[in-house]
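Okay, so here's the structure we're looking at.
No lab work stands behind these numbers, since they all come straight from the coordinates. None of the values given here were measured: they were computed from a predicted structure. Cβ sites come from the backbone with ideal geometry, for glycine too, and all protein chains shown count toward neighbours.
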There are 2 protein chains.
Amino acid sequence: MKALFLRRIQKLDPDSRPLELMETQITVPGTGEVLIRVAACGICHTELDEIEGRLRQNRKSLTKRLAFCKLPWKGFHWKAGHHMAVTIYDVARHAGVGIGTVSRAMNNSTKIRPETKARIRKAVRELKYRPHALARALALQKTGLIAILLPVFTGYFYIELLKAIQREISQHGYDLVLYSILQSGRTGPCLRRILKERRVDGVLVLSLQIPDAVAQLFRRSGLPVVLADGMHQKLDSFFVENEQGAFEAASYLIAMGHSRIGMIDARLSSPPAHSRLIGFRKALAAHHIPWDPGSLIISDTVSEKDGFNREAGYEAMKRLLALKKNRPTGIFISSDIQAAGAVQAIREAGLGIPDDMAIVGFDDIELAEYLGLTTMHQPLSEMGETAVHRLIQRIGDPDLPVLHRGFETRLVIRQSCGGSRQGASQSLNGARS
Amino acid sequence: MKALFLRRIQKLDPDSRPLELMETQITVPGTGEVLIRVAACGICHTELDEIEGRLRQNRKSLTKRLAFCKLPWKGFHWKAGHHMAVTIYDVARHAGVGIGTVSRAMNNSTKIRPETKARIRKAVRELKYRPHALARALALQKTGLIAILLPVFTGYFYIELLKAIQREISQHGYDLVLYSILQSGRTGPCLRRILKERRVDGVLVLSLQIPDAVAQLFRRSGLPVVLADGMHQKLDSFFVENEQGAFEAASYLIAMGHSRIGMIDARLSSPPAHSRLIGFRKALAAHHIPWDPGSLIISDTVSEKDGFNREAGYEAMKRLLALKKNRPTGIFISSDIQAAGAVQAIREAGLGIPDDMAIVGFDDIELAEYLGLTTMHQPLSEMGETAVHRLIQRIGDPDLPVLHRGFETRLVIRQSCGGSRQGASQSLNGARS
DNA sequence: CTGAAAGCGCTTACAG
DNA sequence: CTGAAAGCGCTTACAG
């Protein structure tokens with residue numbers, strides 16, 4: 001296998017004419033591979049053919065050298081980066097100007113004569129030139145990239161958020177770099193790395209907690225961070241009013257006539273889980289319903305995960321159903337995905353929803369509609385858009401004051417509490433049909 | 001508002017001692033803003049405080065100048081990039097070596113003395129140095145980024161795929177840049193842009209068709225592309241055996257005793273939709289069941305989308321149910337999400353599944369389990385992993401031969417055809433309960 | 001308005 | 001083994 005490797009030497013010798021071959025040499029690494037290295041001055045992408053022609057003419061000398069190495073000549077072969085990319089130098093030469101002028105033409109500088117600009121634009125079109133993003137970023141100290149951190153795709157919840165974020169961000173000319181966090185403990189290290197690597201202009205953090213030390217670091221560095229579905233005192237934060245939502249959810253169960261009300265929550269170290277419990281208890285208190293610790297199940301026993309998953313909801317509901325006395329008749333479940341598991345457990349027990357057990361979820365993921373689940377809707381798109389908007393603002397001015405804003409949830413009534421406005425005809429008691 | 005702007009001048013004067021202030025000057029732009037520009041030679045991050053101290057000592061001269069501009073002195077204020085990042089120069093000076101040596105120490109070069117390396121490592125730790133990703137990428141011609149193109153998050157389908165891809169890719173030390181394609185026509189332009197910008201080392205394309213001209217361009221450029229859930233003759237492609245899957249799905253309906261079998265498909269310009277129709281028809285033919293064009297509904301009439309969505313499935317099923325004569329008793333639906341819509345239509349018509357209408361879906365998204373939907377499972381994780389693996393390989397050697405590989409689907413039997421092995425107790429005929 | 005040059009922060013042949 | 005220098009492909013004060 002042969003390789004002809006063209007290498008551009010820009011300033012090797014300012015006086016050398018363009019296209020002049022500076023050297024040819026042969027190296028023979030391990031497996032009989034032959035590398036012919038040709039350094040030429042000011043090679044332009046569009047001139048590669050000419051270069052190759054010259055080399056062909058020069059072939060006898062190459063062949064001689066190859067023979068010396070006891071290797072046959074088998075023709076030319078371009079190395080990996082087959083076609084060299086067009087650079088600003090190519091454009092400059094093609095248009096007969098300096099590279100600075102090309103740059104000004106590309107960046108809509110005012111300090112350029114219209115005719116010059118037009119000429120350069122034409123060259124750009126002809127060579128199909130487009131600036132190398134990295135080089136531009138390095139010179140500009142601006143990458144055009146935004147990092148987004150999120151817990152492993154737990155699925156449904158993030159789709160709507162991501163969609164809104166992606167739409168908004170690309171509208172502002174940015175691209176998104178995805179960092180998915182496998183364990184919550186990795187959030188800090190990941191952020192530190194992002195900060196140091198300086199590959200992005202800003203960071204969007206979804207549903208993750210940021211250690212104070214890291215928040216501090218970001219503030220000092222001036223690299224903007226915005227939280228969505230999360231909260232940090234020192235950073236822009238957009239969050240769902242979990243407490244208000246849980247309060248409403250529980251109040252609704254009470255309004256539907258339930259007096260023994262339980263809750264299935266996720267691990268309390270998760271801020272939403274924590275707030276939802278608080279809202280739940282406040283609702284009970286507001287309605288003078290006594291608090292029974294026995295009817296609160298933290299569904300994080302199943303795995304090392306935070307408990308926001310179907311299996312956890314399933315197990316938790318089974319434990320609730322096993323309660324001998326004072327079994328609740330209404331349950332507030334801290335997420336729809338847990339509720340899905342809970343529904344399964346209720347079905348398997350041969351019980352009916354809402355007759356034997358009423359449930360209210362939280363999130364309003366698409367699945368909730370299929371389940372006929374009454375739940376709290378979160379305004380995820382709105383939150384995502386707002387967060388992006390703020391991030392863009394802050395990239396423009398890192399010294400903006402910190403902004404916190406909550407988004408209220410909204411009760412969506414379906415069938416799982418019996419209070420459907422459309423009647424219970426679509427209830428989900430498949431098990432009893 | 002004041003700003004003290006520190007600017008590093010590296011080679012301004014090779015003889016100037018470190019920390020020497022080279023100039024101080026004041027500019028007064030528009031709104032009474034004062035910019036004090038201080039260029040110093042070889043300022044190190046860890047020495048900023050010292051610099052500031054000197055400036056403070058020099059304050060009287062600054063104050064004088066400010067007074068000249070009729071502006072009060074209000075102390076120092078660091079400009080945006082508050083803390084300057086640590087560079088390789090800082091480390092080199094801290095360790096008393098050249099920057100080349102630092103680089104070698106960072107990159108595990110063999111050509112470095114262990115003691116030197118240890119000393120540099122220590123400096124790195126002390127200064128918390130980490131290379132600037134962009135600069136490194138520019139010098140190395142390797143960005144550590146992989147682009148992933150996918151149609152707008154239609155949701156469920158891509159979660160599993162993305163999860164597998166993300167896992168695999170980060171294992172190889174890459175990060176993912178997300179490009180979501182709003183209209184399929186944007187695929188080409190987006191790819192061209194990615195190619196030209198050279199921000200990534202490779203491209204993963206999900207479910208999108210690549211124009212021949214663009215494929216050609218990529219081949220010539222040497223930037224690796226791999227397709228997952230898609231196919232192009234000239235590019236590595238990993239795809240689901242849609243035809244085989246549709247064949248099996250239809251065969252299953254036939255085996256369940258149906259002889260009037262319909263299909264709901266998506267727009268046929270979508271390759272999977274097309275293949276699934278072919279597989280479907282082949283199954284009919286194989287079992288000598290006559291083909292009735294009236295019982296095929298292409299569900300793309302609802303919007304400009306491709307038809308792979310719930311609303312489209314809903315409308316399509318309504319049209320099928322409206323059939324006066326020869327109404328099918330079994331339907332193969334080209335995606336689970338359409339099937340979800342179809343289920344709703346069947347329910348609303350007061351019909352039962354599978355008694356009045358049996359359905360088989362395709363995809364096996366999580367929703368299918370809740371719906372009790374019998375469907376074709378796609379090995380998405382496996383396909384995602386394989387695609388990434390190939391991409392990494394190809395980044396290592398762009399001249400690898402083109403690889404194509406199909407992944408077989410698997411029938412998952414639930415309740416929607418009545419053939420459940422667990423009995424029909426969990427069937428979804430909520431409408432009739 | 002324009003070109004030449006310094007700089008963005010790294011890597012790596014080259015010459016000790 | 002190590003330092004000095006050229007190069008990666010751009011932008012932008014600076015000096016005409």
Alpha-carbon centroid distance for the pair the range B:348-409 / the range A:214-278, whole angstrom: 35
Hydrodynamic radius (Kirkwood) for the range B:143-184, which is based on Cα pairs only, to one decimal in Å: 10.9
Copy-to-copy label separations for residue A:167, where each label sits 7 Å from Cα toward Cβ, in nm and ascending: 3.1
Volume per residue of the C-alpha convex hull in the range A:105-188, rounded to whole Å³: 140
Ranked list, fewest to most other Cβ atoms within 10 Å of each Cβ, for A:247, B:407: B:407, A:247
Over the range A:83-232: Kirkwood hydrodynamic radius from C-alpha pairwise inverse distances, Å: 17.9
Spin-label model distance (nm) - residue B:400 vs residue B:349, 7 Å beyond Cα toward Cβ: 4.8
Protection proxy ranking, peptides A:326-339, B:222-235, average beta carbon neighbours within 10 Å, highest first: A:326-339, B:222-235
Cα-based shape type of the range A:265-392, given that a ≥ b ≥ c are square roots of the gyration tensor eigenvalues and the cut on a/c is 1.5: prolate
Per-residue Cβ neighbour rank within 10 angstrom, fewest leading, B:196, A:324: A:324, B:196
Over the range A:181-320, relative contact order from alpha-carbon pairs under 8 Å, at least 6 apart, %: 16
Over 26 Å (Cα to Cα) - which of A:117/A:142; A:234/B:142; A:111/A:196 fall in this group: A:234/B:142; A:111/A:196
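Kirkwood hydrodynamic radius, computed over distinct alpha-carbon pairs, for the range B:190-310: how many Å, to one decimal?
Every distinct Cα pair counted, the radius reaches 16.5 Å.
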Spherically averaged projected area in nm², based on the convex hull that wraps the Cα atoms of the range A:221-289: 5.4
Residues B:417, A:190 arranged by fewest to most Cβ contacts within 10 Å: A:190, B:417
Long-range HN-HN contacts of residue A:228 with modeled amide H, under 5 Å: A:205, A:206, A:207, A:238
